[in-house]
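The values are calculated or read from the model by the stated rules, or taken from the named source; none is laboratory data. Every value quoted in this text rests on a predicted model; they were computed, and no experiment measured them. Glycine also receives a Cβ, built like all others from the backbone with ideal geometry; neighbour counts cover every protein chain displayed.
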Amino acid sequence: MQQIPVFKPLIEQDEIGAAVASLELGWLGMGSYVGRFEEALRQFVGTEDRHVVAVNTGHSALHLAMMLIGVQPGDEVITPSFNNIADFQAILAAGAKPVLCDIREDTLCIDVAKAEELVGPRTRAIVPMDYDCCLADHDAIADLARRRGLRVVHDAAHSFGSFYKTKKIGSFSDICMFSFDPVKTITCIDGGALIVRTAEEVELLHEMRLIGMGQPAKLMYGNQRAWTYDVKRLGFRYHMPNLHAAIGLSQIGKMEQITRSRQASSRLYNELLAKVPEVRVPLSDFATVTPFLYYIRVPRDHRQPLRDYLREHGVDTGIHWLPGHWFSLLKEARRGDLSVTERVGHEILSLPLHSQMADATVQHVASSIADYFARQR
């Protein structure tokens, strides 16, 4: 039996053709496709007062964001314990200390009231994250940041293409980060981006993403490079190559169909699984989001048996994520009450969600879950 994977990128002839064209160009590093990809992202986000800087991964984007806002050794950065490892590692890479916050029961995003309780004299920033098909309370986050003098790095790795109220994700945050890795809603094979406010921030990021070299981006976007330059600051090899940007450009052009298909599959999941009393489905109608993952919550004692049963019936599942405070790396991290995170960490389960996924696939996954619980009653 062929397994239904949790992730399946939408790779069609368009992406293959774009990859071939970029390779035939012969300029394999950062070049013209990267400049075009950044402009396509800016237009997609729909903002005239923000700037886009593409990098090689989402983690690179987070690390550069920490450096951009001046995070120093000994500083603290508040972020949910229910989070991707990349966020913790980016904070640590900048020499700072992650402070682990709880999440809300309804959205599984950061609990802003609990975050405020964690603000201390060394708190420099807050890193909220949108989770799967749910968005954080960004108005409350911005208000907290204004009142307490914090920077906000919005982790929007899951929410590309979504709207917060009437505002496109990426158009309003202090700093916004996107990820385009192999399993995201759109992929660049691997890639990331930062959306920032000022030209000065762009200049700093351009240097830091290119191991500190003061190479003019406009020159490189013409598939050229300078042979004389200055190095004024610490940098990393974080730039995006042309091949990855070419694939990303092709993917952005499909966002409308990607969004529609993922919304339809998520709604069908909700409809079918709402009939299974042991399953908690997302509290969303998916009208304003482009779902990255579809998750359910199940009783903790049933999660692994359910995963085993689904695998036997051709369905792969995932766990997004193990809470950060469970890791040895963060066992000493300062934290608040994490009771919701602790509970969700044992219950969360990701189901297959792909762009253009057939209804029959959703129905098979949902019916297999219903069958499992029917056998347990």
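Condition (residue is charged (D, E, K, R) and within 20 Å of V279 (Cβ to Cβ)) applied to the stretch 361-375: is it met by at least one residue? Checking the stretch 361-375: at least one residue is charged (D, E, K, R) and within 20 Å of V279 (Cβ to Cβ). Applying the set (1) farther than 14 Å from L62 by Cα; (2) more than 13 Å from the chain's Cα centre (by Cα); (3) not hydrophobic (A, V, I, L, M, F, W, C) to D190 leaves exactly one unmet item: (2). Pick out the one residue from K275, K331 that is basic (K, R) and under 30 Å from A93 (Cα atoms). Matching residue, one of K275, K331: K331. Restrict the check to the stretch 260-277 and report whether at least one residue is under 24 Å from E38 (Cβ atoms) and either under 21 Å from the mean Cα position of the chain (by Cα) or buried (at least 19 other Cβ atoms within 10 Å of the Cβ) (or both). No: zero hits.
Within the stretch 13-66, which residues are over 21 Å from R225 (Cβ atoms), part of a loop (DSSP other than H, G, I, E, B) and either under 16 Å from the mean Cα position of the chain (by Cα) or free of Cβ contacts under 8 Å to residues at least 60 places away in the same chain (or both)? The answer is E48, T57. Of all residues in the stretch 332-347, those that are over 10 Å from D102 (Cα atoms) have Cβ atoms under 6 Å from Cβ atoms of residues that are in a helix (DSSP H, G or I) and at pLDDT 95 or above, 6 or more apart or on another chain, in H346/R300; E347/R300.
How many residues, within the stretch 290-312, are in contact (Cβ under 8 Å) with a residue 60 or more places away in the chain and either among the hydrophobic types (A, V, I, L, M, F, W, C) or more than 24 Å from R104 (Cβ to Cβ) (or both)? Residues flagged as in contact (Cβ under 8 Å) with a residue 60 or more places away in the chain and either among the hydrophobic types (A, V, I, L, M, F, W, C) or more than 24 Å from R104 (Cβ to Cβ) (or both) within the stretch 290-312 amount to 8.
The condition (being in the same structural domain as F44 (by TED's automatic domain parsing), over 18 Å from the mean Cα position of the chain (by Cα) and of a type outside the set (A, V, I, L, M)) is satisfied by just one residue among D106, D132, D137, D155: D106. Is it fair to say P323 is in contact with a Cys (Cβ under 6 Å, 6 or more places away or on another chain) and either of a type in the set (A, V, I, L, M, F, W, C) or at pLDDT 95 or above (or both)? Judged against the criteria, P323 is not a match.
State yes or no: is R300 basic (K, R), surrounded by fewer than 16 Cβ atoms within 10 Å (Cβ to Cβ) and under 30 Å from F44 (Cβ atoms)? No. Filtering the stretch 104-122 to residues that are of a type in the set (K, R) and without any contact (Cβ under 8 Å) to a residue 60 or more places away in the chain leaves only R122. All conditions but one from (1) free of Cβ contacts under 8 Å to residues at least 24 places away in the same chain; (2) assigned to a loop (DSSP other than H, G, I, E, B) apply to R147; the one that does not is (2).
Quick one: T107 ticks every box in (1) in a strand (DSSP E or B); (2) within 14 Å of Y131 (Cα to Cα); (3) not aliphatic (A, V, I, L, M) except a single one, so which number is it? That leaves (1) as the condition not met. A90: in contact with a helix residue (DSSP H, G or I) (Cβ under 6 Å, 6 or more places away or on another chain), surrounded by 15 or more Cβ atoms within 10 Å (Cβ to Cβ) and farther than 28 Å from T123 by Cβ, yes or no? Considered against the rule, which asks whether it is in contact with a helix residue (DSSP H, G or I) (Cβ under 6 Å, 6 or more places away or on another chain), surrounded by 15 or more Cβ atoms within 10 Å (Cβ to Cβ) and farther than 28 Å from T123 by Cβ, A90 comes out as no.
Looking only at the stretch 315-330, count every residue that is small (G, A, S) and buried (at least 16 other Cβ atoms within 10 Å of the Cβ) and tell me the total.
Here the count works out to 2.
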